[in-house]
Protein chains: 2
Amino acid sequence: MERAGVRPMTTVQQADELIQAQVRNYGTERVPFELAVGRVLAEDLTADRDMPAFNRVTMDGIAISYNDFKNGAREFHIAGTQAAGEPPIDIDANGQCVEIMTGAVMPQSVDTVIRYEDVEMNGSTALILVDQIEQGQNLHLRGRDRKQGDVVATKGTLITPALINTIASVGKTEVLVNKQPRVVIISSGDELVEVNETPSPWQIRRSNSYTLKAVLQQYGLTADMRHIPDEPQQTRESIGHCLENYDVILLSGGVSMGKFDYIPRALEELSVAKIIHKVQQRPGKPFWFGASADGVLVFAFPGNPVATFMGAYRYFIPWLQASVGMQTKQPVYAVLSEDFTFKPELQYFLQVQLGYTTEGKLTAKPIAGNGSGDFANLADTDAFMELPLEKTTFKAGEVYRVWLFK
Amino acid sequence: MERAGVRPMTTVQQADELIQAQVRNYGTERVPFELAVGRVLAEDLTADRDMPAFNRVTMDGIAISYNDFKNGAREFHIAGTQAAGEPPIDIDANGQCVEIMTGAVMPQSVDTVIRYEDVEMNGSTALILVDQIEQGQNLHLRGRDRKQGDVVATKGTLITPALINTIASVGKTEVLVNKQPRVVIISSGDELVEVNETPSPWQIRRSNSYTLKAVLQQYGLTADMRHIPDEPQQTRESIGHCLENYDVILLSGGVSMGKFDYIPRALEELSVAKIIHKVQQRPGKPFWFGASADGVLVFAFPGNPVATFMGAYRYFIPWLQASVGMQTKQPVYAVLSEDFTFKPELQYFLQVQLGYTTEGKLTAKPIAGNGSGDFANLADTDAFMELPLEKTTFKAGEVYRVWLFK
């Protein structure tokens with residue numbers, strides 16, 4: 001049992017560093033490209049063809065040789081029709097044109113497209129109604145965006161819906177991505193009953209695990225869930241099983257010093273070494289973090305719902321993103337919109353509602369709750385504002401870092 | 001066939017209003033709460049019990065009667081142990097204490113908890129080491145956050161991971177949410193082949209549909225996909241089938257004036273009335289929007305990938321959010337970080353990379369592409385900046401609205 005004041009408490013900054021020192025690499029795997037959004041590329045993607053792969057028409061209309069137009073021709077005989085997806089038709093462009101569709105390949109003998117809006121079509125002839133055209137207009141030239149073999153996305157890139165277009169275009173039905181850790185969320189304690197059960201007057205329903213699962217789901221990670229009753233043998237077996245079958249254990253509650261908290265004992269018996277216990281912050285001071293000899297990591301958040309929620313966004317998600325190879329996100333800063341006072345010598349994570357001004361500023365409005373256990377207000381907020389430890393009064397207009405709930 | 005200049009083109013603002021006038025209500029449905037993140041509540045949620053439901057201990061330690069302490073008592077006989085989840089033990093507090101755990105119900109005869117750190121435990125006695133305590137400390141009193149019957153989340157609230165905690169706590173295994181529209185994404189054209197196929201030199205792979213599907217997935221909506229070949233009968237049948245089985249049809253390409261664009265004809269034959277055709281914007285000018293007599297909506301984005309992508313975020317997603325009852329999102333504004341010029345009389349959607357300054361500002365850096373068809377750069381950007389139609393030069397430091405890719 002530790003006593004307050006015996007040694008300086010771990011700061012948030014130190015906790016951050018200790019956790020980042022445990023960033024892992026879980027290898028790579030191939031996944032169907034349609035399921036790859038949110039994952040991180042573990043290979044460079046190259047263009048299998050020029051992009052575009054051919055001189056591609058970008059307007060419906062007629063294709064002519066610019067020279068004919070320059071030499072005064074305005075009326076053209078329609079020699080044929082070139083649809084998208086068809087091989088280029090072979091015409092002698094001299095005074096002739098091709099009726100041509102968006103997406104079609106441009107036949108060799110023509111070089112300029114005039115859109116329907118600027119043409120009068122009369123049976124087999126087309127009359128150009130404009131006096132000014134540019135050679136090569138309404139064409140997307142072969143290889144203009146990328147050449148065959150060019151890298152179109154580099155290893156380490158986060159796969160977004162926009163990148164899906166590139167991946168589909170180059171024909172990668174499966175992409176190599178960084179593997180995610182296998183994560184289990186453990187709740188414990190006989191005071192918890194299932195959501196569909198009616199708690200006795202001194203029990204509550206299990207809720208933190210579902211919140212954690214939902215947070216992870218936002219980041220594309222599906223975690224398993226498990227509940228451990230207050231019984232030493234079962235606790236040990238269950239934790240032991242998880243240490244063998246998962247890369248990360250997330251605990252919410254059950255790691256305090258209480259007489260019936262069998263989890264700290266089980267972790268010790270199973271040789272999970274403590275790296276962090278107690279961080280100079282509110283909420284979430286009793287946060288515990290450790291690693292097994294095999295490298296399985298245990299993030300043990302205090303049982304209060306806001307502390308668990310904050311710990312997930314402040315500690316677990318940044319670790320997860322680093323471990324799947326995501327580039328570090330830029331920190332986000334917001335302008336505090338009201339004065340706020342917080343006296344204890346703890347780094348306070350203030351629940352705020354974000355706003356955007358027409359001056360391009362991000363603002364943060366404190367939403368007062370009933371202390372760290374009141375998650376009912378949490379749903380009205382978008383972020384935690386991380387208020388520096390050194391200060392106790394925070395003035396409207398001051399700027400501090402915020403941690404968005406995605 | 002419309003000709004340029006015949007009538008003023010629809011502006012982005014007008015397009016917005018015309019689309020918002022078609023906001024629908026698809027009714028409600030019950031879903032398991034674990035699958036409800038991203039959905040919108042169609043009912044008020046109330047607390048089935050006080051929150052907390054009992055006087056809840058928030059620290060491990062001992063529980064005493066404050067009066068004993070006030071009267072000078074520091075050493076207490078440990079009369080029993082109160083674990084979380086167990087009924088309150090019955091003790092006579094006079095000079096006695098209860099060893100008590102976080103999450104436990106507070107027995108009637110005691111009123112104050114002193115944490116282990118401030119107590120010396122010696123067999124069956126506990127010695128309090130501190131001189132200052134507050135009556136009622138380390139307790140979360142029954143009903144302090146909410147009373148039984150209080151509304152804990154109102155109809156119309158977006159379900160976030162934070163709200164999942166509240167939902168689980170009040171025992172709502174299923175929640176009533178607004179139904180989402182049934183959406184089908186249609187690609188068309190013989191120039192398109194599947195992602196796993198090798199295109200002929202004049203074909204390309206189908207990619208826009210997958211991007212659209214991924215964009216919708218970000219918003220929790222799973223769309224079906226369908227491809228229509230360039231053939232009038234099949235086009236008509238396929239669109240007809242979709243009009244009967246879906247609420248919304250999203251088209252990418254196939255609605256231009258081209259000779260082989262059978263879709264406009266099929267839409268006309270199937271009595272889908274045009275509401276918008278062509279918007280004064282780049283990319284995406286040929287955007288088409290209409291509604292069937294039964295109210296099925298058709299968003300037809302131009303085939304170029306950036307135009308489709310922009311149209312999805314600028315027109316479809318705001319319509320979707322309104323139609324599932326989400327409160328209108330606050331507009332987001334950013335500071336342009338470089339000068340930019342755009343001459344055509346079109347509202348330009350500039351691809352930008354967002355940044356955050358330590359002054360709390362959101363910045364937008366233009367990422368130059370090779371015109372509207374170049375989606376290879378799109379993956380490097382986070383948002384479109386909507387540049388006003390009236391201006392042609394945009395200076396660094398000016399602030400404009402941005403549309404984030406989620």
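The values are calculated or read from the model by the stated rules, or taken from the named source; none is laboratory data. Keep in mind it's a predicted model, so treat the numbers as computed, not measured. So basically every Cβ, Gly included, is an ideal-geometry build from the backbone, and we count neighbours across all protein chains shown.
Annotations
- Of residues in the stretch B:59-108 being in contact with a strand residue (DSSP E or B) (Cβ under 9 Å, 6 or more places away or on another chain), within 14 Å of another protein chain (Cβ to nearest Cβ) and of a type in the set (S, T, N, Q), the one farthest from A:LEU192 (Cα to Cα): B:THR81
- Residue that is modelled with the highest pLDDT [pool: residues in the stretch A:1-29 that are within 14 Å of another protein chain (Cβ to nearest Cβ) and out of contact with any helix residue (DSSP H, G or I) (no Cβ under 8 Å at 6 or more places or on another chain)]: A:MET9
- Each residue in the stretch B:295-328 was checked for being within 29 Å of B:ALA36 (Cα to Cα), out of contact with any helix residue (DSSP H, G or I) (no Cβ under 7 Å at 6 or more places or on another chain) and of a type outside the set (Ser, Thr, Tyr), and 14 pass.
- Test result for B:LYS361, at pLDDT 95 or above, basic (Lys, Arg) and surrounded by 15 or more Cβ atoms within 10 Å (Cβ to Cβ): yes
Here is a yes/no grid of residues against (1) on the phi > 0 side of the Ramachandran plot; (2) assigned to a loop (DSSP other than H, G, I, E, B); (3) under 23 Å from the mean Cα position of the chain (by Cα):
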| residue | (1), (2), (3) |
| --- | --- |
| A:GLN22 | no, yes, yes |
| A:GLY38 | yes, yes, yes |
| A:ARG49 | no, yes, no |
| A:PHE54 | no, yes, no |
| A:MET59 | no, yes, no |
| A:ASP68 | no, no, no |
| A:HIS77 | no, no, no |
| A:GLU86 | no, yes, no |
| A:ASP92 | no, yes, no |
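- Search result, residues across the stretch B:5-31 that are over 21 Å from B:THR328 (Cβ atoms), touching a strand residue (DSSP E or B) at 6+ places or on another chain (Cβ under 6 Å) and either of a type in the set (Lys, Arg) or surrounded by fewer than 17 Cβ atoms within 10 Å (Cβ to Cβ) (or both): B:ARG30, B:VAL31
- Strands (runs of 3 or more DSSP E) fully within the stretch B:326-406 counting 2 or more residues that are within 7 Å of another protein chain (Cβ to nearest Cβ) and within 30 Å of A:SER337 (Cα to Cα): B:332-336, B:347-356
- Yes/no for A:GLY284 being within 14 Å of chain B (Cβ to nearest Cβ) and assigned to a loop (DSSP other than H, G, I, E, B): yes
- Residue check for A:GLY149: touching a helix residue (DSSP H, G or I) at 6+ places or on another chain (Cβ under 9 Å) and on the phi > 0 side of the Ramachandran plot: no
- Flag if B:GLY85 is within 22 Å of A:ILE204 (Cα to Cα), without any contact (Cβ under 8 Å) to a residue 40 or more places away in the chain and surrounded by 21 or more Cβ atoms within 10 Å (Cβ to Cβ): yes
- Some residue of the stretch B:150-168 being of a type in the set (Asp, Glu), without any contact (Cβ under 8 Å) to a residue 12 or more places away in the chain and part of a loop (DSSP other than H, G, I, E, B): no
- Filtering the stretch B:45-60 for residues that are at pLDDT 95 or above and touching a helix residue (DSSP H, G or I) at 6+ places or on another chain (Cβ under 7 Å) leaves a non-empty set.
- Number of positions in the stretch A:158-181 that are within 27 Å of A:LYS213 (Cβ to Cβ) and facing chain B (nearest Cβ under 8 Å): 4
- Taken as a whole, the stretch A:258-274 holds at least one residue that is hydroxyl-bearing (Ser, Thr, Tyr) and surrounded by fewer than 17 Cβ atoms within 10 Å (Cβ to Cβ).
- Count - residues of the stretch B:207-247 that are surrounded by fewer than 18 Cβ atoms within 10 Å (Cβ to Cβ), free of Cβ contacts under 8 Å to residues at least 40 places away in the same chain and over 24 Å from B:ASP294 (Cα atoms): 2
- Some residue of the stretch B:380-396 being closer than 26 Å to B:MET9 by Cα and without any contact (Cβ under 8 Å) to a residue 24 or more places away in the chain: yes
- Tally, over the stretch B:109-132, of residues that are more than 13 Å from chain A (Cβ to nearest Cβ), part of a loop (DSSP other than H, G, I, E, B) and either in contact with a Gly (Cβ under 8 Å, 6 or more places away or on another chain) or surrounded by fewer than 17 Cβ atoms within 10 Å (Cβ to Cβ) (or both): 5
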